[in-house]
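Asks: What follows is a single structure, and I will ask about it in a moment.
The values are calculated or read from the model by the stated rules, or taken from the named source; none is laboratory data. The model shown is predicted, which means the values in this text are computed figures rather than measured ones. Backbone-built Cβ (ideal geometry, glycine too); neighbour counts: all protein chains shown. Side chains included, ligands, DNA and RNA excluded: accessible areas come from the protein's heavy atoms. Shrake-Rupley method; radii C 1.70, N 1.55, O 1.52, S 1.80 Å.
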Amino acid sequence: MKLCKERVVDARRAAQSCPVARVVSGRVAQRVAFGRTATQQQQRAAHVAVRVAEASPAKPAGDVYRVETKPLEEGVEKHIISIFVADEPGLINRVAGVFARRGANIESLAVGLTVDKALFTVVVAGKANVVANLVKQLSKLVKVRYVEDITRTDRIEREMLLLKLRVPAGSTRAEVLELASVFRARVVDVGDETLSLCVTGDPGKLTAMIKVMSKFGIEQLTRTGRICLRRGEALLERSSGVPEQMAVPLPDTAAAAAAAGAKAAAAAAAASNGAPKAEERAADVYVVDDADLKGVWDVDNVLSPTYSASSGPAAALPADFKPYTLCIEVQDVPGVLNQVTMVFSRRGYNVQSLAVGPSEREGLSRIVMVVPGKVSSPDGSSGISPLLKQLSKLVFVQSITDLTDIPFVNRELMLVKVRCSAGQRGELHDLATIFRGSVLDVSPGCMTIEVLGKEDKMKAFTDLLEPYGILEIARTGRVAMPRDSGVNSEFLERMSMGRVW
């Protein structure tokens, strides 16, 4: 036992004299040599931890969907693409598919339907050669009339934002209203604990407002995509001149009837030559009855009183169809818009309005769509309940809200370029003031006006501008969010307020 103790002591002395062992056990040797206290050791450990944290890359905070803002890579810039297309079911899906197949993530998208055509305004980030290839591929699509990258042009661009803030009544709400007046925002709904605002402007203005209002608590944010028109008398469709349906007043009923008669005569001549009829071409290779061909694809436009140029009985809404307003929250990943629109195109739905923009949460986007559907299903549920079930199965879809049967606030932004001489500027300015619009640009031969409101307001304003000559129209499509006040005009029409006996 005594011999064992002696060997242990000799081993310890050898370890203390060895330079390698001193380095390995340096923390203990320093504590003995310099006599550091526990407080000094804790301070030193904290200092080392701070140095390590500064040297190591910071981890992103927040949930798994949070995306840190970072500058664009070298050679990459944001491009704005304008696409004129003919109104046809499934065309939105084909346009979105061109971006999805090439891995391009659409930052914002606005689609507004005007007469027989729609104007897509797409914002996407990429290199110049990649975006040029996208434009080339888009121009090859059937029913696409014109495609152009307008990034380098002198243009007017606007967006719209619906913002719901968590602001109770009191001094805080008064402060919010003062800030809203600075940004020229309008109050669209007031609840017991919330306040909803609507503001238009360029992307920088809207981002600044969101940053200022975020300290009060943002309940919900719905933002449209960006819409653009060229400044002055320059038009988007430069190669084809003034758009046919926009440069002149809309066709009247007599002209439409004459066109329909010519079309019927051409169809009869084709039938006499043995050509298949239009009803026969509508079906596939299988033999089907006429009753089997009826469906949601037969509804050209359920918003005819506000979007279409027709009038009279032909413009009446179908008795068993109505427009549905859907609010879909999705993850911000490339191809998600193509997946959502594919669900509609496979079933023949014609999307009447589409607005895509960022949500109140980082990494999520909100899609607001207006689609036609049956008033009710055979089981008594909503007419588009099967469609909502298919949408909920998509991996990147977070939530789906059907706003059709609940009180909701909806707005749309429109830019219209109209012909005017120097003597007509005062008249057009007075018309814009009546509709609470604003003049954005004036040139020797035309004027660009911005109007915000519902679809029927847009239709009434464009009807007044037809005698002057409408050159171009850009619309964002409908954006909507629930009303915390719990009431609107459409909701009151479905409620019983007493009746006459």
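Asks: What are the pairs with Cβ atoms under 8 angstrom where one residue, in region 477-493, is over 18 Å from Cys198 (Cβ atoms) and the other, located anywhere, is open to solvent by 50 Å² or more (accessible area, probe 1.4 Å) and modelled with pLDDT of 85 or more? Sequence gap at least six, or different chains.
Replies: Phe491/Ile406
Asks: Quickly run through region 190-206 and pick out the residues that are over 21 Å from the mean Cα position of the chain (by Cα) and open to solvent by less than 50 Å² (accessible area, probe 1.4 Å). Outline the logic, then answer.
Replies: First, the residues of region 190-206 that are over 21 Å from the mean Cα position of the chain (by Cα): 190-195.
Passing the criteria: Gly191, Thr194, Leu195.
Asks: Anything in region 182-228 that is outside any helix (DSSP H, G or I) and basic (Lys, Arg)? List them, or say none.
Replies: Arg184, Arg186, Arg223, Arg226
Asks: Does Ala432 count as crowded, with 16+ Cβ neighbours inside 10 Å and without any contact (Cβ under 8 Å) to a residue 24 or more places away in the chain?
Replies: yes
Conditions tested, residue by residue: (1) crowded, with 17+ Cβ neighbours inside 10 Å; (2) of a type in the set (Asp, Glu).
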residue: Ile106; (1), (2): yes, no
residue: Val111; (1), (2): yes, no
residue: Ala125; (1), (2): no, no
residue: Tyr146; (1), (2): yes, no
residue: Arg152; (1), (2): no, no
residue: Glu157; (1), (2): yes, yes
residue: Gly170; (1), (2): no, no
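Asks: Next up: Tell me, which residue of region 345-360 that is touching a residue at least 24 places away in the same chain (Cβ under 8 Å) and more than 18 Å from Gly225 (Cβ to Cβ) is most open to solvent (accessible area, probe 1.4 Å)?
Replies: That would be Arg347.
Asks: On to the next question. Could you check Val142 against (1) more than 24 Å from Glu233 (Cα to Cα); (2) at pLDDT below 90; (3) open to solvent by less than 10 Å² (accessible area, probe 1.4 Å) and say which number it fails?
Replies: (3)
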